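Below is one structure, written out as structure tokens, with a few remarks after it.
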Amino acid sequence: MKIRELRLTAFGPFTGVNIDLSRGREGLHVVYGPNEAGKSSALRALRNLFYGIPLRSPDGFLYPYEKMRVGAVIQRNNGEVLEFVRRKGRTNTLRAADDKAVLAEELARFLLCEHPVGDTAACRQCTSCTLFAAGNNPDYFRVTPAADSRVIKIDQVRELAAGLSMTSHGNGRKVVILTPADALNINAANSLLKTLEEPTDNTVLVLVSAHPARLPATIRSRCQQIHVQATDRQQISRWFADRHPGASSGVYLALANGAPLQALQLAQENALEERGRRFRVLLGIREGREDPLAVAADWAADEDLKGLRWMREWLMDLLRIRLTGHTEGIHGIDLLDSLSTLAPQLDTRIVFRQMDGINRMLRLADSSLNRQLMMEDILLAWSERVS
Ligand SMILES: [Zn+2]
């Protein structure tokens, strides 16, 4: 596999930067630039592209979580060229062609899973899930236009029909995703009709389309239509307000990036009060009222390092305010005024370095390294006022 182009669409300090890696016979590229030019960010982007953007990424300071994007054009060994985009999030974050296709793929994974979890989730561990993740599940058929074409051709549908006539290898099911289904040309659509009318046993066909009206009526009439909508924020707000009435419900939802269950947990822990207290302690350190070493001992003793995790969020918010000049999209809306006051006083290079330190500590938090020493380093650096 070769990466032809790396697209830093909205990631770390980058906005819409495309790095062309297609030229040169050897495919070896040297990326160089001065300090702070974004070399490490670009490297992290590459890692995140393939393995996912971590939930609390250090590169989310300019763009809010849900807007982070990194993409690439890759060429597989068989010559096939793929274009894809990774967005931030816990699951289903790889956006092939478009978003609906990802949902369909999750459905396929679930239907083929040998030990599904509950009513909706694949286990991601069984043989079927493992094969699926590697792109080799023999019971999964994905039909899309070939790289040099905009349409799905009849040969592809015939090949599909032949594949479906074979016995299932896994739990008995076979799943087909046709995407975008409106790319079926007329011959291919007619050929598909036969499969839709007389499907093989235990076969699920999913036709994905942003323009279902473009599909022939003969096909549409044989499909059950499921309209996919974006998550309804108002619905989430109502659900949350029912369980946690009061003025702070919006704040808790913002803290949890709109995730309702996480917001509820924060509310049950009365997190706002504790956040406020910890933030005042950090301000106290900068103003010489609190002893950084005593705070380090206290915070390092905290099992899940909550103070440190919050501090990282605040640093990211501070960077975002500092770099964009506004508070839109910041995470800590419970501390909006304090963060806005503090942001102009900070040296961004020092903040970046501190975030590196915090990330390192959180990565090593489970190992036997001395938490308190690392915590002291971070808070001592924080206590040094730089104007
Ligand atoms: Zn499974």
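The values are calculated or read from the model by the stated rules, or taken from the named source; none is laboratory data. Remember, it's a predicted structure, so these values are computed and weren't measured experimentally. Counting neighbours? That spans all protein chains shown, and the Cβs are built from the backbone with ideal geometry, glycine included.
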Inside the range 291-300, the number of residues satisfying the requirement of being of a type outside the set (D, E) and without any contact (Cβ under 8 Å) to a residue 60 or more places away in the chain is 1
Filtering the range 18-42 down to residues that are without any contact (Cβ under 8 Å) to a residue 12 or more places away in the chain and among the aliphatic types (A, V, I, L, M) yields L28, V30, A37
Those residues of the range 129-146 which are over 17 Å from A189 (Cβ atoms) and either over 26 Å from the mean Cα position of the chain (by Cα) or not assigned by TED's automatic domain parsing to the domain that holds V206 (or both) amount to P138, D139
Filtering strands (runs of 3 or more DSSP E) wholly in the range 1-102 for at least 2 residues that are modelled with pLDDT under 75 and either touching a Ser or Thr at 6+ places or on another chain (Cβ under 6 Å) or within 22 Å of H331 (Cβ to Cβ) (or both) gives 81-87
It is to be established whether one or more residues within the range 156-173 are crowded, with 19+ Cβ neighbours inside 10 Å, within 30 Å of P216 (Cβ to Cβ) and either touching a Gly at 6+ places or on another chain (Cβ under 9 Å) or aromatic (F, W, Y) (or both). no
Considering the range 122-144, residues that are within 10 Å of the ligand (Cβ to nearest atom) and not in a loop (DSSP other than H, G, I, E, B), and then whichever is surrounded by the most Cβ atoms within 10 Å (Cβ to Cβ), we arrive at S128
Residue hits (the range 145-160; under 20 Å from S209 (Cβ atoms) and not in a loop (DSSP other than H, G, I, E, B)) are I152, I154, Q156, V157, L160
Contact list, first residue from the range 116-130 and farther than 17 Å from R173 by Cβ and among the polar types (S, T, N, Q), second anywhere and near the ligand (Cβ under 6 Å from one of its atoms) and at pLDDT 85 or above, beta-carbon distance below 8 Å, six or more apart or interchain, is Q125/H115
So the helices (runs of 4 or more DSSP H) completely within the range 205-290 holding 2 or more residues that are in contact (Cβ under 8 Å) with a residue 12 or more places away in the chain and in contact with a Pro (Cβ under 9 Å, 6 or more places away or on another chain) are 233-243
